[in-house]
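Working notes, beginning with the structure itself.
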Amino acid sequence: MKPLGPIPVGYEAIGGTLAIGGRPVTHWVEEAASTPLFLYSSDLIRGRVAALRSSLPGRVALHYAVKANPFPPLLALMAGLVDGFDIASGGELEIVRDAGLPLHHVSFAGPGKRDAELETAILSGVTLNLESEGEAVRAIAIGDRLGIAPRLAIRVNPEFDLKGSGMKMGGGAKPFGVDAERVPALVREVVASGAEWRGFHIFAGSQALDAEAIAETQGQALALAARLAEDSGTPLPHCNLGGGLGIPYFPGDTPLDLSLLGERLAARLETLPEVLRDTQFCIELGRYLVGEAGVYIARIVDRKISHGEVFLITDGGLHHQLAASGNFGTVVRRNYPSAIATRFGAEVEEEASIVGCLCTPLDKLADKGGFPRAEVDDLIAVFCAGAYGASASPASFLGQGPAKEMLV
Ligand SMILES: Cc1ncc(COP(=O)(O)O)c(C=O)c1O
């Protein structure tokens, strides 16, 4: 048997069935009248934000990275919980605008912004995190043409990365941000252009579970911000310290020590250099806010044995759960937390693989896990489905189409 990832805290059984939002998942499936289905718990999201607020220094604002989960009702919930939003495309800008979010609290990072995206962002008062000198030239020219001072920040490509992170976004040659040594000259150009100077965005990596490593990276980001602000000779209004807070997906993963992270950051903010005294800070989080609050539910449509192995074949799959299938940047495939939702908490009775309905061996949601014996029509659950699930999977593959989503 292969181990399964740890089921996140906050999930219980009601009458032997996995519950979310105070009701068994069968209730939500009935309401949706279909499977597969993504369910996101507003209570779990609120709890996560509250835990962050009580651990992190009050001076540090909390931004939500929309890419993790852009489901409009979830964004509407987030609007009352966080201080700002980070978007990565003109498409996400449309989504946050349609959700009625205040665009003055939105920043836009990401390489390859097209002129039309820059223009819409400038017209909307969104802060652009500039990824290159070329992008700066285009944004300033568009602002001039429109007669609007664009709100401009610079994404810095730092010399360091986030140790132990699943995805490194800094250190060495990168398509993201401006190499640190060229930043002061660009700051001076931005300020001279008459743009509204917004500060730095320093994002060094994501999905780290080691609070010490994240704290060290935040320290490096603060030191870098101070040095670049000094060298550019311009006060720094704002500094986005990045994020990187990860969640346990795999066997052996343990939750991040949030209080340690909060203590370390508070200590650093108490001894800030003069040049950062009036700077506003934020961190930018996606999966940490919403990942564990979501569960993906699919129905078993076939139970079959091949060469003595049990396959539970579902109506879901990698077209909704690319990351859980191991095909979203994972080197070695390991099992996400999963369960038989309609037999939640029951004894393990057999080894089985939960697979999807796509005709590819890649479509595996749980490989040789230990489960209670499940039958056709039972529901399965894949946890940690609140981030990079629905919107980060190829829903159109093989003509399958998207899964329904519900915030409960
Ligand atoms: C610039 C930026 N912000 C935020 C995120 C969100 O990361 P996570 O969901 O791990 O918090 C990413 C992820 O790659 C990113 O590149």
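The values are calculated or read from the model by the stated rules, or taken from the named source; none is laboratory data. Since this is a predicted model, take the numbers as computed values, not measurements. Positions of Cβ are generated from backbone atoms using ideal geometry, with glycine treated the same way; all protein chains shown enter the neighbour counts. Please note that ligands, DNA and RNA were not included when accessible areas were found on the heavy atoms of the full protein model with its side chains. Shrake-Rupley method; radii C 1.70, N 1.55, O 1.52, S 1.80 Å.
Candidates I214, I140, H201 compared by Cα position along the dipole of the stretch 70-285: farthest toward the positive end lies I140, with charges placed on Cβ. When the Cα positions of L77, I7, A65 are compared along the charge dipole of the stretch 1-123, I7 comes out farthest toward the positive end, with charges on each C-beta of Lys, Arg, Asp and Glu. Placing unit charges on the Cβ atoms only, positive for Lys and Arg and negative for Asp and Glu, gives the stretch 70-285 a dipole magnitude near 280 debye about its Cα centre. Our summary of shape: the Cα atoms of the stretch 1-158 have principal axis extents of 63, 39, 36 Å, ordered from largest down, in whole angstrom. Full extension of the chain segment joining E347 with M167 gains 61.2 nm, where the gain is 0.36 nm per residue of separation less the Cα-Cα distance. Scattering from the chain was approximated by placing one identical point on each alpha carbon and applying the Debye formula without solvent; log10 I(q)/I(0) at 0.08, 0.09 1/Å stands at -0.45, -0.57. Each peptide in 113-121, 125-133 gets a packing score, the mean of other Cβ atoms within 10 Å over its residues, and the list from highest to lowest is 125-133, 113-121. Cα extents for the stretch 188-321 along the principal axes, largest to smallest and rounded to whole angstrom: 70, 36, 23.
For the pair D98 and E230, a Förster radius of 41 Å applied to the C-beta separation gives a FRET efficiency near 0.50, rounded to the nearest 0.05.
Relative to the current alpha-carbon distance between D179 and R303, full extension at 0.36 nm per residue lengthens the span by 39.3 nm. In the chain, the longest principal axis of the Cα atoms and the axis of helix 115-124 are about 80 degrees apart. Normalised by the residues of the chain, what does the relative contact order come to in percent, with Cα pairs under 8 Å and at least six apart? The value is 22 percent. Projecting label points 7 angstrom from Cα along Cα→Cβ for A149 and E133 puts them 2.5 nm apart. A Förster radius of 60 Å, combined with the Cβ-Cβ distance separating R373 from T271, puts the computed FRET efficiency at roughly 0.55.
Distance between the C-alpha centres of the stretch 76-128 and the stretch 381-403: 23 Å, rounded to the whole angstrom.
Amide H contacts for D86 (H built 1.01 Å from N in the peptide plane; partners 5 or more residues away or on another chain; cut-off under 5 Å): Y64, A65, V66, S107. Label zone (A76, point 7 Å along Cα-to-C-beta; backbone nitrogen cut-off 11 Å) within the stretch 378-408: 407.
Summed over qualifying helices (DSSP H, 4 residues or more, each -39500 (n - 2.57)) and divided by its residue number, the chain shows a 222 nm mean residue ellipticity of -8500 deg cm²/dmol. Each part reduced to its alpha carbon centroid, the stretch 178-206 and the stretch 289-366 end up 44 Å apart. Answer rounded, prolate or oblate for the stretch 70-285, using the Cα gyration tensor with square roots of eigenvalues a ≥ b ≥ c: rounded when a/c is under 1.5, else prolate when a/b is larger than b/c, else oblate. Oblate. To test your reading of the geometry: what angle, between 0 and 90 degrees and rounded to tens, separates the Cα axis of helix 211-232 from the longest principal axis of the chain? The helix 211-232 is inclined about 20 degrees to the chain. Computed 3J(HN,Hα) for the stretch 270-285, one whole-Hz value per residue from the Karplus formula 6.51 cos²θ - 1.76 cosθ + 1.60 where θ = phi - 60°, is 6, 10, 5, x, 3, 5, 9, 4, 9, 6, 8, 10, 9, 10, 10, 10, glycine and proline marked x.
How big is the antiparallel share of DSSP beta bridges in the stretch 1-100, given as a percent to the nearest 5? Walk me through the numbers before you get to the answer.
Values: 5 of 8 bridges.
Approximately 60 percent, going by the DSSP bridge assignments.
Determine the percent antiparallel among the DSSP beta bridges restricted to the chain, to the nearest 5.
The antiparallel proportion sits near 45 percent.
In degrees between 0 and 90, to the nearest 10, how far off the longest principal axis of the chain does helix 183-192 point, with axes built from Cα atoms? Helix 183-192 sits roughly 60 degrees off the main axis of the chain. Of all DSSP beta bridges confined to the stretch 70-285, the antiparallel ones make up roughly 10%. For the chain, a simple Cβ point-charge model (Lys and Arg +1, Asp and Glu -1, everything else neutral) yields a dipole of about 120 debye relative to the Cα centre.
Per the 1.4 Å probe, what fraction of the accessible area of the chain, in percent, lies on carbon and sulfur atoms? Of the solvent-accessible surface of the chain, carbon and sulfur hold 53 percent.
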